[in-house]
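First comes the structure, then the notes that go with it.
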Amino acid sequence: MVPATDGLVVVCTYRVRAGQQTAFEHLLEAHVPALRQLGLITNYPTHTLRRADGAEPVYVEVFEWASPDAAARAAEVPEVVAIWEPMAALCQARDGLPGLEFPRFDDLEVQR
């Protein structure tokens, strides 16, 4: 197994407040396109998932930052902040976990 993305793949987890899914999904639709247009993420395949088991709303979004400092740069771009701030307001901590999480991962080449 060999790391292929230098830890720039981020798996964002959003624990959305009940009843706020429509508003959150509207922001989510703009998120990756804005990051991509600003050159902050790569063409790595993105994934957006919604928890399907009827539990409280949880969304997951996967993408790859364009550089190690891209997340910090994104936090200074008004177009991104205009998405991130309302997203955060629609999320809440649950089950001892924060409302939003953004751990970075290595993409591994696994032989199957």
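The values are calculated or read from the model by the stated rules, or taken from the named source; none is laboratory data. From a predicted model like this one, the values you see are computed outputs, not experimental measurements. Virtual Cβ from ideal backbone geometry, glycine too; neighbours counted across all protein chains shown. Accessible surface is based on the protein model in full, side chains and every heavy atom, while ligands, DNA and RNA are left aside. Shrake-Rupley method; radii C 1.70, N 1.55, O 1.52, S 1.80 Å.
With just the Cα atoms of segment 8-112, tell me how far they stretch along each of the three principal axes, in Å, largest first.
Cα extents, longest axis first: 42, 34, 23 Å.
Springs between alpha-carbon atoms under 10 Å, Gaussian network over the chain: tell me which of T13, T42, T22 tops the mean-square fluctuations.
Comparing T13, T42, T22 in the GNM, the peak value goes to T22.
Could you give each residue of segment 89-100 its phi-based ³J(HN,Hα) in whole Hz, using Karplus coefficients 6.51, -1.76, 1.60 with θ = phi - 60°, and x for Gly or Pro?
Taking θ as phi minus 60°, the curve returns 5, 8, 10, 8, 5, 8, 6, x, 10, x, x, 10 Hz for segment 89-100.
Under a Cβ-Cβ cut-off of 9 Å, what is the net charge of the residues other than V60 that fall near it, where Lys and Arg count +1 and Asp and Glu count -1?
Result for the local shell: +1.
Any idea of the accessible area per residue across the chain, 1.4 Å probe, to the nearest Å²?
With all protein chains present, the chain gives 61 Å² per residue.
Anyone know which of Q37, Q21, Q92 comes out most mobile in the 10 Å Cα GNM of the chain?
The residue that fluctuates most here is Q37.
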